[in-house]
1. Would you kindly state how much longer the chain becomes between I90 and L154 on full extension, computed as 0.36 nm times their sequence separation minus their alpha carbon distance, in nm to one decimal?
2. Of the heavy-atom accessible surface of segment 61-138 (probe 1.4 angstrom), what whole percent is carbon and sulfur?
3. Can you list the chymotrypsin sites (Phe, Trp or Tyr not before Pro) in segment 1-108 that are in a DSSP coil and have 13 or fewer other beta carbons within 10 angstrom?
4. Compute the longest continuous run of the chain that contains no exposed trypsin sites (Lys or Arg not before Pro); treat a site as exposed when its DSSP state is not H, G, I, E or B and it has at most 10 other Cβ atoms within 10 Å.
5. Once you place label points 7 Å from the Cα toward the Cβ at Y144 and K228, how far apart are they in nm?
6. Please report, in whole Å³, the volume per residue of the convex hull around the C-alpha atoms of the chain.
7. For segment 219-275, state which chymotrypsin sites (Phe, Trp or Tyr not before Pro) are in a DSSP loop and have at most 15 other beta carbons lying within 10 Å of their beta carbon.
8. Given 25 °C and 0.890 mPa s, how large is the Stokes-Einstein diffusion coefficient of segment 110-212 in µm²/s, with Rh as the Kirkwood radius over Cα pairs?
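The values are calculated or read from the model by the stated rules, or taken from the named source; none is laboratory data. Everything quoted here is computed from the prediction, not taken from an experiment. Methodologically, a virtual Cβ is constructed for each residue, glycine included, from the backbone with ideal geometry; neighbour enumeration extends over all protein chains shown. Side chains are part of the model used for accessible areas, which takes the heavy atoms of the whole protein and leaves out ligands, DNA and RNA. Shrake-Rupley method; radii C 1.70, N 1.55, O 1.52, S 1.80 Å.
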Amino acid sequence: MSIADEIFIRNCRDILENGVSDEEFEVRPHWEDGTPAHTIKKFGIVNRYDLTEEFPIMTLRRVYYRSAIDEILWIYQKKSNRVADLSTHIWDEWADENGTIGKAYGYQLGIKHKYPEGEFDQVDKALYDLKNNPASRRILINMYNHADLNEMQLAPCAYSMTLNVSRGRLNAILNQRSQDMLMANNWNVCMYAALLIMFAKASGLEAGELVHVIADAHIYDRHIDTVKRLIEKKPLPAPEMRVDDITDFYKFTRYSFTAENYQYHEFNEVIPVAI
């Protein structure tokens with residue numbers, strides 16, 4: 001059975017049974033009708049996904065993994081903040097009058113910095129170190145730039161990756177300040193699992209473990225009944241993820257990944273989005 005499903009079910013049950021409501025606070029998110037979007041949350045959830053065992057994609061409902069991969073490439077490969085550069089419309093709600101999300105996500109990764117080895121942006125410095133200094137404990141990518149927060153349409157949710165090489169395997173910690181469990185949990189996991197695989201292939205390494213640290217893992221009030229129905233489904237076997245044999249990170253596309261025999265439960269409920 002899919003490990004991603006088992007972890008998701010465990011997390012959601014823990015939030016529903018032991019979580020804390022934020023109804024005592026005035027909250028920023030709201031529903032389309034203007035009603036405050038409150039949550040039940042747990043603080044400090046840590047999940048581990050061993051990519052040597054399987055690609056962590058949910059089967060409780062279909063995840064459009066190629067769209068998730070397209071988003072991670074938009075951020076890390078294109079280093080873009082323009083919503084028109086993304087094939088989906090998931091960022092349209094946060095676009096400004098110029099069609100960008102401000103100085104957020106990919107914008108931060110396109111900024112070059114000076115290092116002893118030369119001038120790199122954060123992605124290229126990480127790729128350089130993975131090849132030339134794999135024993136380093138300083139291979140880190142961070143998009144939470146306090147100096148630019150006031151010019152971001154949305155502060156980064158998944159904001160940093162810490163990369164570490166052990167015995168030929170590339171492992172990573174993904175730090176996330178906030179997680180909408182129903183809408184985004186497995187989407188983000190698929191994004192960063194794919195990124196870890198691409199970084200590993202580009203560095204001559206094997207993808208190892210993805211550790212996902214979530215500070216505020218929450219279920220929105222209007223999602224609770226849907227989550228309860230979803231986690232009653234029985235997980236199906238995880239598909240085998242076939243990845244093209246590419247060694248240049250900038251040559252990957254969303255079509256470089258193919259989930260073979262991807263089985264999933266039908267799920268046709270319309271999910272309201274808190275904005």
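1. Working: separation 64, 0.36 × 64 = 23.04 nm, distance 1.29 nm.
Stretched fully, the I90-L154 segment lengthens by 21.7 nm.
2. Its accessible area is 44 percent carbon and sulfur atoms.
3. Listed in order of number, the matching sites are F25, Y64.
4. 1-136
5. Rounded to a tenth, the inter-label distance reads 3.3 nm.
6. Hull volume normalised by residue count: 135 Å³.
7. Numbers: sites: Y220, F249, Y250, F252, Y255, F257, Y262, Y264, F267; in loops: F252, Y262, Y264, F267.
Sparse-neighbourhood loop chymotrypsin sites (Phe, Trp or Tyr not before Pro): F267.
8. 168
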